[in-house]
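Please read the structure below before turning to the comments.
The values are calculated or read from the model by the stated rules, or taken from the named source; none is laboratory data. Remember, it's a predicted structure, so these values are computed and weren't measured experimentally. Cβ: placed from backbone, ideal geometry, glycine included. Neighbour counts: every protein chain shown. Side chains are part of the model used for accessible areas, which takes the heavy atoms of the whole protein and leaves out ligands, DNA and RNA. Shrake-Rupley method; radii C 1.70, N 1.55, O 1.52, S 1.80 Å.
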Amino acid sequence: MKERGYLRRNIGYDLRVDTTKSRRELGVRYRPAQASMEEMFAQVVGAGGR
């Protein structure tokens, strides 16, 4: 399967992004990824896992 090859080549790496430009030029403030994930899972659980 084509998808398996993609996954094999891309899993296990840290996600690294540079948000300097959006912070500086747009004034964007990002929340921690963990907080976003916890909120998303809480919504899924609250919706009965649907």
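What accessible area per residue comes out for the chain, rounded to a whole number of Å², with a 1.4 Å probe?
Accessible area per residue: 107 Å².
Which value in deg cm²/dmol, rounded to the nearest 500, describes the helix-derived mean residue ellipticity at 222 nm for the chain, given -39,500 (n - 2.57) per DSSP H run of n ≥ 4 and division by the residue count?
-17500 deg cm²/dmol
For the chain, what % of the accessible area comes from carbon and sulfur atoms, probe 1.4 Å?
55 percent
So I have (i) -0.89, -0.90, -0.90; (ii) -0.58, -0.64, -0.98; (iii) -0.79, -0.85, -1.01, and one of them is log10 I(q)/I(0) by the Debye sum over Cα atoms at q = 0.18, 0.19, 0.26 Å⁻¹ calculated from this model. Which one is it?
The listed entry that was calculated here is (i).
Spin-label point model (7 Å from Cα, Cβ direction): what's the THR19 to ALA35 distance in nm?
Placing both labels 7 Å along Cα→Cβ, they lie 1.0 nm apart.
For the pair TYR6/VAL44, report the inter-label distance in nm, with labels modelled 7 Å from Cα in the Cβ direction.
2.0 nm
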